[in-house]
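The values are calculated or read from the model by the stated rules, or taken from the named source; none is laboratory data. Fair warning: this is a prediction, and the values are worked out from it, not measured in the lab. We place every Cβ from the backbone using ideal geometry, glycine too, and count neighbours over all the protein chains shown. Heavy atoms of the whole protein, side chains included, go into the accessibility calculation; ligands, DNA and RNA do not. Shrake-Rupley method; radii C 1.70, N 1.55, O 1.52, S 1.80 Å.
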Amino acid sequence: MTVKPKIQEYVIRDGKTHPFAVICPGGGYAFVSKRNEGVPYAKLLNAKGISAFVVSYRVGKNARFPAPIDDLAAAVTDILARADELHLDKDNYSVWGSSAGGHLAACFCTESVGYKKYRLPKPRAVVLTYPVITMGDLTHEGSKLILLGENPDEKLVELTSVEKQVTANYPPCFIWCGNADDIVPSDNSAMMSEALEANGVAHEFVLYDGVRHGVGLGKGLPCEGWADKAVDFWLRQK
């Protein structure tokens, strides 16, 4: 039986049509960090005229691949089905993800396991905050263990290593992380940037000096304002 994912809705109800963002907080696939990497993002986006939805995908013992991506796809499907009612621009949505939620969002944007498989429209952009990208040597081991289990098949490891699944059809991508991240190596973001560059995909990669993992909007830190840059990047895409 399919379980409908929980979605916190931050919809702008002014009678006008707005773009929208679907947000996947982090938590190492063990929990969903909505208070730090969900709700604050949604409120910031609302202030910029963008409706937002924070998705609670399956975690812990229920998070074995592809469960989280099934949940994200179900959330997008549900949101799009109600787009007219909620005054959403169906042709202009982005997916945001932090840490393990970044891995989920990044996977959703691949053709191999993401939007195309679920017959959903490609996001206009994806925003990745200190994301887990690879399931290879430089992964976040806790996320990998929960998502793939012990001793996963190498084909599954490759399928869920986003840097190996990027094609020229990948959505434009904004990525950022800090060089003091001791949880998810910044190499994850760098290898994603390299894969996007190799495939000619529009992207922006920002590496902030001295910033650690899990800082959310990063108020008072060198990365403060990253979300403004991300929105600007998204809204420049056609």
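Overview of results
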| quantity | calculated |
| --- | --- |
| Residue within the range 84-92 that is open to solvent by 10 Å² or more (accessible area, probe 1.4 Å), farther than 30 Å from L145 by Cβ and in a helix (DSSP H, G or I) present | yes |
| Some residue of the range 224-237 being open to solvent by 70 Å² or more (accessible area, probe 1.4 Å), in contact (Cβ under 8 Å) with a residue 24 or more places away in the chain and either touching a Pro at 6+ places or on another chain (Cβ under 7 Å) or under 20 Å from G101 (Cα atoms) (or both) | yes |
| Scope the range 1-37; condition open to solvent by less than 30 Å² (accessible area, probe 1.4 Å) and without any contact (Cβ under 8 Å) to a residue 24 or more places away in the chain; matching residues | none |
| Matching residues in the range 49-69 - criterion: being buried (at least 17 other Cβ atoms within 10 Å of the Cβ) and in contact (Cβ under 8 Å) with a residue 60 or more places away in the chain | I50, V59, A63, F65, P68 |
| Qualifying position, being within 26 Å of K155 (Cβ to Cβ), more than 13 Å from the chain's Cα centre (by Cα), in contact (Cβ under 8 Å) with a residue 24 or more places away in the chain and outside any loop (DSSP other than H, G, I, E, B), among A105, A74 | A74 |
